[in-house]
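Here is the structure we will look at.
The values are calculated or read from the model by the stated rules, or taken from the named source; none is laboratory data. Nothing here was measured: the structure is a model prediction, and the numbers come from that model. So basically every Cβ, Gly included, is an ideal-geometry build from the backbone, and we count neighbours across all protein chains shown.
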Amino acid sequence: MAEDVKLEGLEKLCKGKLKKIPQCFNPGREKYIRKVDAPLVYPLGRHTIDDIAEKAGAVVPINGCILYDTEIINKYIDSFRVVK
């Protein structure tokens, strides 16, 4: 369930188009997120996160709705982290 949330700077970022923030805005909170919410959760473009989800094997189609498994996406993104 989305709630009215006021975060400083978010209104400027969204240029007033976003009235409510989805509950899944925190990627550690929900195991699955909808495809349309993925660009809000991850700081990447829509097509980039789609490619990452497909390469990671995190796409879960259910009744015509595409869900992404955030745990798999997070592990895939972390695999590119350079440790010094």
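Scan region 60-72 residue by residue and report those that are assigned to a strand (DSSP E or B) and in contact (Cβ under 8 Å) with a residue 24 or more places away in the chain.
In the first step, residues of region 60-72 are kept if they are assigned to a strand (DSSP E or B); the result is 60-62, 65-69.
Once the filter is applied, which keeps residues that are assigned to a strand (DSSP E or B) and in contact (Cβ under 8 Å) with a residue 24 or more places away in the chain, region 60-72 yields VAL60, CYS65, ILE66, LEU67, TYR68, ASP69.
What residue, of ARG34, ARG46, is surrounded by 15 or more Cβ atoms within 10 Å (Cβ to Cβ) and modelled with pLDDT of 85 or more? I'd like the intermediate steps shown before the answer.
On the way: ARG46 fails: surrounded by 15 or more Cβ atoms within 10 Å (Cβ to Cβ).
That would be ARG34, the only listed residue that is surrounded by 15 or more Cβ atoms within 10 Å (Cβ to Cβ) and modelled with pLDDT of 85 or more.
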